[in-house]
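Written out below as structure tokens is the structure these notes cover.
The values are calculated or read from the model by the stated rules, or taken from the named source; none is laboratory data. Since the structure is predicted, the reported quantities are computational estimates derived from the model, not experimental observations. No Cβ is skipped: glycine too gets one built from the backbone with ideal geometry, and neighbour counts run over all protein chains shown.
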């Protein structure tokens, strides 16, 4: 059973009063020889002259009105902490020293400078501490700049949402962590969809970020909604647009007047035969080429996964390197984001010049509505940098020459299920691949048996003669 005691640790005239919360015996750490108790101690923000303190009752002496008032405050704090403890235990929230301090501050309406009980303020705190986050897979510390940028975006979205709600309801709205419930989820989805004009997949991804921030707050002792477990993001399957090998060849054979288009064409071809994300594609350079056992490879550590991949140099890639004196194509600018944006713009232009007109279903950004609209469009309008990686995976999947594990080693997908979802394929395609192989083997065997039968007939006729 949890107990609370108040203590002094100083003999000064204004000695701080501490609250000590004891939770009982720690079964994990206790042994037959030693009993370990779980307890946390934090300042209450109240103080007293030790002369007016009873070590027996562990409360102020009741000689004066001020001490009686102080006793009343401490008893109210005692009851508040026990009530909060029961609520937190029912929600499965871990009780820590930080939790205790947060609850003490909440009782006395003591607002910290950053007001971390608010979602927008905690999101900023969360971002500031991303540099200390340990990646469970790679065990590295910190996060990528792109991940940090994504959380900064959602932090700004939360602030914008609060401002929007404040204007709509004509009163100040400042969402608290505990208010991140299913009603808030619905309101946020409406805001993202109707005001920000975001795509369904972007909305689903942003909800996941909001939940991650709240889960982190819960771990640090902040009170969150009991509905947080049901605060789910979502993914809507998007159309998979790729360039076929024939279309890649069509672009390759197109003559471009613009140097930017020619450079983009070379990067496109390299991307379609290396299967890397644009963040890795556009930083490839001669120094990444390694000669291993009579073969040349592009060896790089992927920015997103931190995984080192060894990519055999395809003859189409080698042709471009030979054309450029062993060098990769130049980049458009040293700014990474600008480089990606320019590459995407040039890809659409050169695809149109190369007459990639096939009508396909996809999501296209509408400049008027400021959101992606699903529909049937000429493929050149949907071409973007990611088409390189997806084309590589799709064009070489389910063929005898390229077993799926080999492709996954290049793309760095961890499971076959994720790989198949990425290229929009189903496991049945594996069965179709096997059926084609068996059909081919069957035809060869049938042809061999026929030749063998014909040979027997020829031999029999020869023997008769």
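Does the range 184-207 contain any residue that is over 21 Å from the mean Cα position of the chain (by Cα) and either in the same structural domain as residue 96 (by TED's automatic domain parsing) or under 28 Å from residue 94 (Cβ atoms) (or both)? Looking through the range 184-207, at least one residue is over 21 Å from the mean Cα position of the chain (by Cα) and either in the same structural domain as residue 96 (by TED's automatic domain parsing) or under 28 Å from residue 94 (Cβ atoms) (or both).
Residues in the range 220-250 that are closer than 20 Å to residue 94 by Cβ and surrounded by 13 or more Cβ atoms within 10 Å (Cβ to Cβ): 220, 221, 222, 223, 224, 225, 226, 227, 228, 231.
Across the range 37-54, the number of residues qualifying as assigned to a helix (DSSP H, G or I) and either closer than 12 Å to residue 5 by Cβ or out of contact with any helix residue (DSSP H, G or I) (no Cβ under 8 Å at 6 or more places or on another chain) (or both) comes to 2. Looking only at the range 259-285, residues that are loosely packed, with under 14 Cβ neighbours inside 10 Å and modelled with pLDDT under 95 come to 0 in all. Which residues, counting only those in the range 323-339, are assigned to a helix (DSSP H, G or I) and over 17 Å from residue 253 (Cα atoms)? Hits for the range 323-339 are 336, 337, 338, 339. State whether one or more residues within the range 63-76 are surrounded by 12 or more Cβ atoms within 10 Å (Cβ to Cβ), outside the structural domain of residue 151 (by TED's automatic domain parsing) and touching a residue at least 60 places away in the same chain (Cβ under 8 Å). Yes; the residues of the range 63-76 include at least one that is surrounded by 12 or more Cβ atoms within 10 Å (Cβ to Cβ), outside the structural domain of residue 151 (by TED's automatic domain parsing) and touching a residue at least 60 places away in the same chain (Cβ under 8 Å). Do we find that residue 405 is surrounded by fewer than 14 Cβ atoms within 10 Å (Cβ to Cβ), out of contact with any helix residue (DSSP H, G or I) (no Cβ under 7 Å at 6 or more places or on another chain), assigned by TED's automatic domain parsing to the domain that holds residue 304 and without any contact (Cβ under 8 Å) to a residue 60 or more places away in the chain in this structure? Answer is yes for this residue. When residue 317 is tested against (1) without any contact (Cβ under 8 Å) to a residue 60 or more places away in the chain; (2) crowded, with 20+ Cβ neighbours inside 10 Å; (3) on the phi > 0 side of the Ramachandran plot, only condition (3) is not met. If you go through the range 159-176 one residue at a time, do you hit one that is under 19 Å from the mean Cα position of the chain (by Cα) and over 25 Å from residue 99 (Cβ atoms)? No, that holds for no residue. Does at least one position in the range 93-103 carry a residue that is at pLDDT 85 or above, assigned to a loop (DSSP other than H, G, I, E, B), exposed (fewer than 15 other Cβ atoms within 10 Å of the Cβ) and assigned by TED's automatic domain parsing to the domain that holds residue 213? Checked against the condition, which is being at pLDDT 85 or above, assigned to a loop (DSSP other than H, G, I, E, B), exposed (fewer than 15 other Cβ atoms within 10 Å of the Cβ) and assigned by TED's automatic domain parsing to the domain that holds residue 213, the range 93-103 yields no hits at all. Output the residues belonging to the range 338-363 that are more than 20 Å from residue 279 (Cβ to Cβ) and out of contact with any helix residue (DSSP H, G or I) (no Cβ under 6 Å at 6 or more places or on another chain). Once the filter is applied, which keeps residues that are more than 20 Å from residue 279 (Cβ to Cβ) and out of contact with any helix residue (DSSP H, G or I) (no Cβ under 6 Å at 6 or more places or on another chain), the range 338-363 yields 349, 353, 355, 357, 359, 361, 362, 363. Being in a helix (DSSP H, G or I), touching a residue at least 40 places away in the same chain (Cβ under 8 Å) and more than 21 Å from residue 338 (Cα to Cα) is the filter here, so list the residues in the range 273-295 that pass it. 286, the sole residue that qualifies. Among the numbered conditions (1) assigned to a helix (DSSP H, G or I); (2) surrounded by 12 or more Cβ atoms within 10 Å (Cβ to Cβ); (3) within 22 Å of the chain's Cα centre (by Cα), the only one that residue 143 does not meet is (1).
Residues checked against (1) out of contact with any strand residue (DSSP E or B) (no Cβ under 7 Å at 6 or more places or on another chain); (2) farther than 30 Å from residue 134 by Cβ; (3) at pLDDT below 95:
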position: 316; (1), (2), (3): yes, yes, no
position: 361; (1), (2), (3): no, yes, yes
position: 380; (1), (2), (3): yes, yes, no
position: 395; (1), (2), (3): yes, yes, yes
position: 401; (1), (2), (3): yes, yes, yes
position: 412; (1), (2), (3): no, no, yes
